[in-house]
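Reading through the C-alpha cells given below for one structure.
The values are calculated or read from the model by the stated rules, or taken from the named source; none is laboratory data. A quick note: this is a predicted structure, and the numbers were derived from the prediction, not measured. A quick note on method: Cβ atoms are made from the backbone with ideal geometry, for glycine too, and the neighbour counts reach across all protein chains shown.
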C-alpha cells in the first residue's frame, strides 16, 4: 500500500480475508481453542462415574490442528465485515513508529467501552473495530462508520502527527501480544520497556484461565460453562476518533447480546441462519 490507497473489488475482499485469517491462524487463537476443549471435556468427565478415580489434571485434552476451526470461520465470515469502513492510519510524527506482535489484529469496540458494556467483539457487533499494523508507519483500521466520527480522515487516510497518538496505539498493540512483540531497529528497547512497566498490572491476553469459567446451579447439580476470549481490557481514549451522535443515541441492552449492524444485508443473512439453526436444535430437543 505504497500509494496509501486500498485495493478494490476482489483484491479488497482478499485483503479483508487476509486480515481475519491473520487473527484466526496464530498461536493465541489455537491455544484458546485447546484451552476451551480441555476445560469442557474435563468438566463433563468429572460428572461421569467412569472417571471418578481418574486424576484428569494429569492429562491435556486438545486438538492436533485447533486453528483450522478459527480459519474456517474467518473465511466464512469475511462477507459479514465488508460493510466496515476501511481507514489507513499513517504515522508522520518523525519520532514514533508502530510496533506489532504475534497476535497482530486487535479486535476492539471503543463505543461499548465508553458505555461500560462488557460485550461487543463479534463480527456482527455495532461499534466493531479491527486494527492491523502492517508496517512501522501504517496501520489498517476497519470500523463501523455509523458508530464513529473521525474528523481528520480524508479519502480513507488518517495522518497522525502527534507522538502521543502513536504511543497510544503502540500500547494497544503491546497489550494484544501473546508471547512476542516485534519492532524495527529504530525503535529503542527502552521504549518497549516503558510500555511494559506502565502496564505491568494490566490483565494479559495470555492468561487463558480467565477465558473459561463454570457456574453451578443453585437448585441442581448442573453447571453453566462460560467462554470468552481475552481482549485488550484497558480503555484507551484515542483523540482522533469519537462516538457518533447516532451511537450515543442507542440504548445499551441489559443482556449480553449487544447491538448488531442490522443495516448490512450480510449481517442480516448471518443472523437469519443462526436463528434457523437455533430453532432446529430446539425442535429436535423438544422431540426427545
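Some observations on this one:
- Given (1) part of a loop (DSSP other than H, G, I, E, B); (2) under 16 Å from residue 236 (Cα atoms); (3) touching a residue at least 12 places away in the same chain (Cβ under 8 Å), number of the condition residue 113 does not satisfy: (1)
- For region 137-146, a residue qualifies if it is part of a loop (DSSP other than H, G, I, E, B) and either at pLDDT below 95 or in contact with a strand residue (DSSP E or B) (Cβ under 7 Å, 6 or more places away or on another chain) (or both), and the qualifying residues are 137, 145.
- When 78, 93, 40 are screened for being assigned to a helix (DSSP H, G or I), modelled with pLDDT of 90 or more and in contact with a strand residue (DSSP E or B) (Cβ under 7 Å, 6 or more places away or on another chain), only 40 passes.
- Restricting 173, 98, 121 to residues that are modelled with pLDDT of 95 or more, within 24 Å of residue 30 (Cβ to Cβ) and in contact with a strand residue (DSSP E or B) (Cβ under 7 Å, 6 or more places away or on another chain) narrows the list to 173.
- When 76, 65, 85, 58 are screened for being without any contact (Cβ under 8 Å) to a residue 40 or more places away in the chain and under 21 Å from residue 11 (Cβ atoms), only 76 passes.
- For region 240-270, the set of residues classified as assigned to a loop (DSSP other than H, G, I, E, B), under 27 Å from residue 203 (Cβ atoms) and modelled with pLDDT of 95 or more consists of 240, 241, listed by residue number.
- Filtering region 151-191 to residues that are surrounded by fewer than 17 Cβ atoms within 10 Å (Cβ to Cβ), at negative phi and assigned to a loop (DSSP other than H, G, I, E, B) leaves 151, 152, 161, 162, 179, 180, 184, 185, 186, 188.
- Of all residues in region 137-150 being surrounded by fewer than 18 Cβ atoms within 10 Å (Cβ to Cβ) and over 20 Å from residue 263 (Cα atoms), the one that is nearest to the chain's Cα centre (by Cα): 138
- Per-region count, region 49-61, residues under 23 Å from residue 33 (Cβ atoms) and surrounded by fewer than 10 Cβ atoms within 10 Å (Cβ to Cβ): 2
Table: residues versus (1) closer than 22 Å to residue 226 by Cα; (2) touching a helix residue (DSSP H, G or I) at 6+ places or on another chain (Cβ under 9 Å).
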{"residue": "101", "(1), (2)": "no, yes"}
{"residue": "109", "(1), (2)": "yes, no"}
{"residue": "125", "(1), (2)": "yes, yes"}
{"residue": "142", "(1), (2)": "no, yes"}
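- Residues in region 124-136 that are closer than 27 Å to residue 160 by Cα and part of a loop (DSSP other than H, G, I, E, B): 126, 127, 128, 134, 135, 136.
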